[in-house]
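Notes follow once the structure below has been shown.
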Amino acid sequence: VLPVGYPGSPLRRAITKKRADVLFPISRTSPFFDSALEGPYPHALVEAQIHILDFLNAHPELRSIVKPSVGLDPEHGAFEHVLHRMPHLRTERYLTFSETLESSAPRAIVLDCPSTPLYESLMTDSQIFCLRDPLAYLSPRAEKLLTQRVHLYEDPATLTRDLKRFLDGRLLEKGGTEFVDYYLRPNTSGLQLSGLFASLRPERHGFGLP
């Protein structure tokens, strides 16, 4: 997954009356049905999404925003049958992810897989909680630099456990800029994205599967 652009400031905070607690840009599952596109099994991704949604809805004291893709037909989202029964979640369907970042300035951003929103999230001061892509191995350098900024997880249960610890003030925050500085900032040789991934698994695996 490649970034579609990069903001000028490494860390930016929107000016709002009140910050959101959690922003969840929930991924579309339909692209992963295309066998030519690498990614988690669709059913494993949906299971992870439902786990995260259940966790957020179970905490009405939080200001949680779910952000589907703009223009996504609610009839075609695999997670939509769950969203309609979750009264404690706000759903933002009309703003782009970048606009939602600016308007909500979330304390935490939850990502169900490392896709384009990850790159945009890195430019904020939010804490980032991201499920790993079971098909893509980061290079050793990328892994080291990214984990200085992003909380990475193999399974959604561990992610939501640490998210709760962060929201309760019991988790050490991450704020390293080295990943952005090395991979996402233009320089005389261009973006350093060629060394980002060490390899791709030829077979598909779901979250938590061997």
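The values are calculated or read from the model by the stated rules, or taken from the named source; none is laboratory data. Computed from a prediction, not measured in an experiment: that's the story for all the values here. Positions of Cβ are backbone-derived with ideal geometry, glycine not excepted, and every protein chain shown enters the neighbour counts. Just so you know, the surface numbers come from the protein's heavy atoms only, side chains and all, with ligands and any DNA or RNA stripped out. Shrake-Rupley method; radii C 1.70, N 1.55, O 1.52, S 1.80 Å.
Length gained on full extension, GLU102 to HIS81, computed as 0.36 nm times the residue gap minus the Cα-Cα distance: 4.7 nm. In this simple spin-label model, placing a label point 7 Å from the Cα along the Cα-to-Cβ direction at both ARG161 and HIS59 gives a separation of 1.5 nm. Straight-line cross-link partners of LYS18 among the lysines, defined as a Cα under 28 Å from its Cα and at least 8 positions apart when in the same chain: LYS67, LYS164, LYS174. Exposure check, 1.4 Å probe, all protein chains in place: SER103 carries approximately 60 Å² of accessible surface.
Averaged over its residues, the stretch 90-131 has an accessible area of 29 Å² per residue, based on protein heavy atoms and a 1.4 Å probe. Other residues whose C-beta falls under 10 angstrom from the C-beta of ARG63 contribute a net charge of +2, scoring Lys and Arg +1 and Asp and Glu -1. Once you have a ≥ b ≥ c as the square roots of the Cα gyration tensor eigenvalues for the stretch 98-171, tell me rounded if a/c is under 1.5, and otherwise prolate or oblate according to whether a/b is larger than b/c. Verdict is oblate for the stretch 98-171. When LYS67, LYS18 are compared by accessible area of protein heavy atoms, the largest-first order is LYS18, LYS67, using a 1.4 Å probe.
Got a number for carbon plus sulfur as a percent of the stretch 68-148's accessible area, 1.4 Å probe? All intermediate terms of the calculation are to be shown ahead of the outcome.
Working: 1870 of 3440 Å².
Percent of accessible area from carbon and sulfur atoms in the stretch 68-148: 54.
Counting only heavy atoms of the protein chains and using a 1.4 Å probe, LEU159 has close to 0 Å² of accessible surface. For LEU138, the amide hydrogen comes within under 5 Å of the amide hydrogens of ALA198, counting only partners 5 or more places away or on other chains and with H modelled in the peptide plane.
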